[in-house]
Each structure stands twice: as C-alpha cells, then as structure tokens.
Amino acid sequence: MNFELLSMDLAAAAQLPCDALVVLVPTPFKPQADEVSVLIQDALDAGDLETKPGKILSLYRPLQAQADRLILVGAGTASLAHIRTAVTSACSGVKSSSKVKNLVISLALLPETKGAVSTAMNAVADVSYTYTTTKSKPEPRLLRQVVVAVKGGKEMAAEFKQAQACIAGVEFAKEWANRPANHSTPTQLADAAQGLANSFKNSSKTAPRMSCEVLGPKEVAKLGMGSFMAVAQGTQEPLRFIVLEYIGSSSVKSSAPNVLVGKGITFDTGGISLKPAAEMDEMKFDMSGAASVLGVFKALSVLKPHIRVVGLIPTCENMPGGRALKPGDVITSMSGQTIEVLNTDAEGRLILCDALTYAERFKPRAVVDVATLTGACVISLGNLRSGLFSNSEELATQITAAGDAAQDLCWRLPLDDDYAEALKSNFADVANVGGRAGGAITAAKFLHRFATKYPWAHLDIAGTAWKSGANKGATGRPVPLLLEFLLRNQSAITFTAENAAPAKAKRAVKAKG
Ligand code: BES
Ligand code: MN
Ligand code: ZN
C-alpha cells in the first residue's frame, strides 16, 4: 500500500478522481465555500449526518466530487482518538470491497493538529491489513493508494515519513505475531531478524547500519542463562537468543543505546502447569513482544534515524515433556540469583530475566522490555492500555507521553517493594509467582530484581498485543509507542533509576579455564 501526502483544501480534494473520498467532519463544523461543504451543511441541517466520531453518510457518484464514492464521517472534537475512530469507521467497508483501490482522505476541515496525519494513516493501514501467509488462496489487500489531503503540507512531511515507517513496522510485527507457532519457530524468528539486517544493505561498515547476531543453545549455556534454558528444556525445538543492533550515524556509535527486550515464547502451553484447552491457540501470540521489537527494527530500517538501538529477543517454546521443567524445580539465572519455579506457566519472566542481565553489557541509557506477561494485566487494564512499570520517573513519563502521541496508550502501575513479599521462597532467592492478587505487579517485581543496573521500564502487553473473537489477530502494538519513544528520547533527557531492587546476588561464577 502506497501513501501520498498532498497539500490541498476540500474543494481541490473533491477534484481528485478516486474510488472513494473520505471527508472528516468535526464539531464545530466551519463550512468553506466549496460544494462539498455546502452538501455537508445541508446533511447536518437535515439530521442525516452527525459529527459524532465514526457516524457515516455515504453517497454514490455525487455531483459535487470526482470520486465514485463520497464518505462523510463525523470526527467529533478532532482529537487524535476521534480521528482514529472516524477513519476506522469510514474505511472499515473498504477492506471487504473489491472496488476501492484508490482512496483519498481529506483532513482539510479539521484544525491542524500534530499527529492528525499520522493517526489517520495508522488507522487506515490497521483496518485494511490482511493476513495471507498460511492461506492456500490468499486474498491480499486490495487498497493500493491512499492520499492524505491536508491544508498544511510541508510541515507535515516529517510526521508523514515517520508514519510510513511506523506502519511498515506494525505490519511486520503483525505478520510474525499472526503466524501460527509451526510457522514462527524460534529459528524462523531468528531468520526474520537476520533478514532485516541483511536487507539493510550494510555492506560497508559505515552507519547507518544494522547487525544481527543469533545465539543457540550452546552459546546461551556458555553465558549461564540457566533460567532461559530451563523453559526451553521441555521441547525439541531449539531456543534462540537474538541480538539486533541499529546504529544510525557514526556520531551515535559509542553513545549509550536504548535496549528493547521482547518476550519470544513462540507457543505457551503452560508447560507442566498446563493451560486449559479453551483458546489455547491464542498462545501463539505469546511472542508478540518479540514481534514488536522486530517491528521497531523494521521501522528503523525504513526511517534511518540518527540513533542507536539494541534489540534482545530470547525465544523458545514452553512445552510439557519428559524433560520439562517441573513445579518446585530451582534454577540458576545468569545473574546468579536462584529461582524456585512454583508454576511453569509463569515462563515469560524466566526468559526475560536472563535477557535483562545480558542487557547490562551495553551500558544502556534505558532498557524497555515488552511482554505478553500476565492475564492479570488484561483484568486490570483490558484491551485499551498496556501496563507500564518503571524504576525511573522520567522514563515512565517519557514512555507515557510517547504512547499518547502515538495513540498507543499505556498506564503506569506501581512497583512498591512490599509487593515483592509475595515472591518469597523457602528454597531459592525468589519464587517465580506470587498469589493471584496483583499478578501483573508481582510479575513486574520479579523482573525488577534483574533490572537494577540501569533505568528500566516493563510493558505488559497481554491485553493489547492481539484481539480475540471474530477479528482475531495481532495489533502490532506497541510498535508505535516504542518508535515514538526512541525518536524523542535519544539525547534530551537523562534517566535515573530509583529504588534499586533488593537482593543483589553474587554474579554467577563462570567456569574458569
Ligand atoms: N503468556 C501468559 C500470559 C497471558 C495470559 C497473556 C493470557 C495473554 C492472555 C503467561 O506466560 C502466563 O501464563 N502467565 C500466567 C502467570 C501465572 C501463572 C502467575 C497467567 O497470567 O495466568
Ligand atoms: Mn505462561
Ligand atoms: Zn507466556
């Protein structure tokens, strides 16, 4: 799908020949002199059109426009949320239509707000996305050309470019998260990461460049990632630890990078603490955190910003089996801390903790982990906002602001040390689960112990990474939030990690030669 940004008023947009012209109508509506505006005013006066977000009035071959179809849609107060609702509603019919290949969206009646262009673009991409990879007769997206027509123009160019990159990233993340577990094994995910780096044309060593290193069971064992390895021991499918690095210019080469860590459980059966059968298929989405990290790197490869980013993806299956991890087993993490595994279904934190320890070597500016970590987070926040946890006020503020700007919302939850009481163990330094109470928080407290050396944030995307039901599928979240965060953040603010977690265990003693 191809996007184009054009600077023109509604009268000019109405002269564009296209399959459909979508016009966003806000309240208050200030009519211009053109014919479509007159039509809108008449429809509003007659009560046939409302400015409520998402309300639609469709016309076929109207005399007032060159478009075959004219879709007037209420845009409410023209807030970013209302713009998203309006575009989603107006374009939802487009997906099933075999007629609409060229679309024009006019934002000319809206006040010029930052984020309007990007929100409209993301919404039309989202609603027209189609998954085809494992269909025998694929019906690909028919929408080919989307023109966004705005009053301004040049000043929107940067936003337009970022949105294009963001959409490429979101669709990459959707693709990998949507693939069933037998089509997105840890090995295949690693190949996808390698493919991103390879296609980055980094034949020379000069920036911008992207590199990818893939570690297998042997290398991971050598690093002492006992916790990650324990989760993978119940399956025949070999684990992978993916290290991606993007360097946007030679001047950022030795700057402290932001590190993204994505949970890559390609299928979560629960292990010996087996999950119930109902909806277990959805646990193929348990690598959505990993997919979002891949998506961000895809976006970086399109946008090529002058920043440095590292992506870490621990990826494996969580299966029951003759050699699987058992409840009560005590394992030793890369940090040296021992963990009593009371529930093998709390596996995400077990693979993430070793990745968080690995992240220390980059002397990061900040580390953000992204994980479909707890059902409890879905109960807390539903499907609207991701759960955010952080040991740094500034980092939490920045991530929240990035989410607001990108319309990819999150909400901060607490990390009081008293919540860690639930993780006490009689047999190890820490248990991998607390009780049912505050499950998203106790999971975050577990991770907190491993993220003491740098400013850190954790995004629990269990409720936001995919949709269930008839529209089952990945959302590509939180790629928009992460991309926005990375682009805003690089140099301006320095983060400080507060209240370092307790229990500083001795570093794992590596076998000496
Ligand atoms: N991948 C799941 C979390 C999940 C559950 C995401 C439902 C989306 C929907 C995670 O590995 C898990 O199983 N968590 C357990 C933790 C519990 C055993 C403490 C959960 O949330 O039930
Ligand atoms: Mn689980
Ligand atoms: Zn899981």
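Can you tell me, using C-alpha contacts under 8 Å and at least 6 residues apart, the relative contact order of region 269-334 as a whole percent?
About 59 percent, as a whole number.
Taking Cα centroids, how far is region 272-286 from region 434-465 in Å?
Cα centroid of region 272-286 versus Cα centroid of region 434-465: 21 Å apart.
With an 8 Å Cα cut-off and a minimum separation of 6 or more residues, compute the relative contact order for the chain in percent.
With pairs under 8 Å counted, the relative contact order is 14 percent.
Compute the FRET efficiency between residue 29 and residue 471 as 1/(1 + (r/R0)^6), taking r as their Cβ-Cβ distance and R0 = 35 Å, and round to the nearest 0.05.
The computed FRET efficiency comes out at 0.65.
Would you calculate the separation in nanometres between label points at residue 256 and residue 48, each defined as 7 Å from the Cα along the Cα-to-beta-carbon direction?
Between residue 256 and residue 48, the simple spin-label model gives 6.2 nm.
In percent, what relative contact order does region 119-261 have, based on Cα pairs under 8 Å that are 6 or more apart in sequence?
20
How much length is gained on full extension from residue 279 to residue 412, taking 0.36 nm per residue of separation minus their Cα-Cα distance?
Extra length available between residue 279 and residue 412 comes to 45.1 nm.
If each Cα of region 1-63 is one equal point scatterer, what is log10 of I(q)/I(0) from the Debye formula at q = 0.27 Å⁻¹?
Per q value, in the given order, log10 I(q)/I(0) is -1.44.
Tell me which residues come under 5 Å, amide H to amide H, from residue 336 once H is placed; ignore anything under 5 positions away on its chain.
508
FRET efficiency for residue 496 and residue 330, Cβ-Cβ distance as r, R0 = 45 Å, nearest 0.05?
That gives a FRET efficiency of 0.85.
For every helix of n ≥ 4 consecutive DSSP H residues, a contribution of -39,500 (n - 2.57) applies; sum these over the chain, divide by its total residues, and give [θ] at 222 nm rounded to the nearest 500 deg cm²/dmol.
-10000 deg cm²/dmol
Could you check the spin-label model distance between residue 161 and residue 63? Points 7 Å from the Cα along Cα→Cβ, value in nm.
A separation of 4.5 nm, rounded to one decimal place.
Tell me which residues come under 5 Å, amide H to amide H, from residue 6 once H is placed; ignore anything under 5 positions away on its chain.
Amide H to amide H, under 5 Å and 5 or more residues apart or across chains, residue 6 pairs with 148, 149, 150.
Quick check: Cα centre of region 347-417 to Cα centre of region 67-118, how many Å?
If you average the Cα positions of each part, the centres end up 32 Å apart.
Which stretch or stretches of region 1-28 have amide N atoms under 18 Å from the point lying 7 Å from residue 97's Cα along the Cα→Cβ direction?
Of the residues in region 1-28, 1-4, 13-25 have backbone N under 18 Å from the label point off residue 97.
Taking the solvent-accessible surface of protein heavy atoms with a 1.4 Å probe, what is the per residue accessible area of the chain in Å²?
Each residue of the chain exposes 41 Å² on average to a 1.4 Å probe.
Under 15 Å from the Cβ of residue 12, count the other residues' Cβ atoms, weight Lys and Arg +1, Asp and Glu -1, and hand me the total.
-3
When N counts the residues of region 116-212, how does its alpha-carbon radius of gyration compare numerically with 2.2 N^0.38 Å, as a ratio?
1.33
Which distance in nm do the two modelled labels at residue 222 and residue 363 give, with both placed 7 Å along the Cα-to-Cβ direction?
2.4
Please work out how much length the chain gains when fully extended from residue 144 to residue 401, using 0.36 nm per residue of separation minus the C-alpha to C-alpha distance, in nm with one decimal.
Taking 0.36 nm per residue and subtracting the Cα distance, the gain is 89.3 nm.
Quick test of the membrane-span-like rule: which DSSP H helices of the chain reach at least 20 Å along their long axis (C-alpha atoms) with mean Kyte hydropathy at least 0.0?
80-96, 288-303
The values are calculated or read from the model by the stated rules, or taken from the named source; none is laboratory data. All values reported here derive from a predicted model rather than from experimental measurement. Because the Cβ atoms are built from the backbone with ideal geometry, glycine has one as well, and the counts that use them run over all protein chains shown. To get the accessible areas, we keep the full protein, side chains included, count just its heavy atoms, and leave off ligands, DNA and RNA. Shrake-Rupley method; radii C 1.70, N 1.55, O 1.52, S 1.80 Å.
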